1. Of everything in segment 96-115, what is open to solvent by 70 Å² or more (accessible area, probe 1.4 Å) and either among the hydroxyl-bearing types (Ser, Thr, Tyr) or free of Cβ contacts under 8 Å to residues at least 12 places away in the same chain (or both)? Give them in sequence order.
2. Go through (1) open to solvent by less than 80 Å² (accessible area, probe 1.4 Å); (2) modelled with pLDDT under 95; (3) within 30 Å of Glu161 (Cα to Cα) for Asn31 and report which single condition fails.
3. Quick one: which of Thr139, Thr131 is open to solvent by 10 Å² or more (accessible area, probe 1.4 Å) and under 21 Å from Ser175 (Cα atoms)?
4. Does Phe52 qualify as being touching a residue at least 40 places away in the same chain (Cβ under 8 Å), farther than 25 Å from Asn163 by Cβ, in contact with a strand residue (DSSP E or B) (Cβ under 6 Å, 6 or more places away or on another chain) and not small (Gly, Ala, Ser)?
5. State all residues of segment 34-82 that are of a type in the set (Ser, Thr, Tyr), open to solvent by less than 60 Å² (accessible area, probe 1.4 Å) and under 17 Å from Val117 (Cα atoms); if no residue qualifies, say none.
Amino acid sequence: FTIPFYKLYCEDVGLDGNSKQKDYSKLGKVNKMRKFDVKFQADVDPSMNWSFTPVQSTVRVHAGETALAFYRATNHGNQPVIGIATYSIYPEKASNYFNKIQCFCFNQQMINVGETVDLPLYFYLDPLIATDHRLEKVTEVSIIYRFLPSKNQKIAQIFHEQNIKESEQKLFLVSKRLEIAEEEKNQDALVRLKQQQSEIQEELERLKSTIVDDDFGV
């Protein structure tokens, strides 16, 4: 790491600078019974002449526990390059529970000639992952980031598809919380969650009905 940058970033998001196996979560209940090894992988379009690697290969977290990880990118070319990162989660069913608090993905990132930058990923796995029977034997989750040259991408389409994906994820989580509230007969939670469900559904329908210009670019 570039130590001053790392410390400043941690101070900015309220961390103490130690991202290993520590609970920073104020977002909900942490499930101490379920631990996951989150593995980080990286890929970069060969046309970019960048190196792009995770700073740490694995972080162990509890369900609901937040964690801070970094990727590192270096421009080995002879001119500045603007890149954009996409990501995938495996197993795919786990992607419903992956929540980014702060992430470099889908932001245009310019790196000058010979420059190296550390890119933060602040995330958690939603505690509801521990209730999903399809994932009850899963102990590892892989996050794969890939950098692409933005000048060759249909950026508007990428953003649009990601917005749809994240709205579908929100709808999935709210639906699961509704099931729990119904089982517990929690009327206050039912009213609040049904309102959230309706709002997310409306937003999802709006996104799916929106036509994005495929010729958009930078």
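1. none
2. Of everything listed in (1) open to solvent by less than 80 Å² (accessible area, probe 1.4 Å); (2) modelled with pLDDT under 95; (3) within 30 Å of Glu161 (Cα to Cα), Asn31 misses just condition (3).
3. Thr131
4. Judged against the criteria, Phe52 is not a match.
5. Within segment 34-82, Ser51, Tyr71, Thr74 meet the criteria.
The values are calculated or read from the model by the stated rules, or taken from the named source; none is laboratory data. This structure is a prediction, so every number in the text was calculated from the model and none was measured. Because the Cβ atoms are built from the backbone with ideal geometry, glycine has one as well, and the counts that use them run over all protein chains shown. Keep in mind that these areas ignore ligands, DNA and RNA; they rest on the heavy atoms of the full protein, side chains included. Shrake-Rupley method; radii C 1.70, N 1.55, O 1.52, S 1.80 Å.
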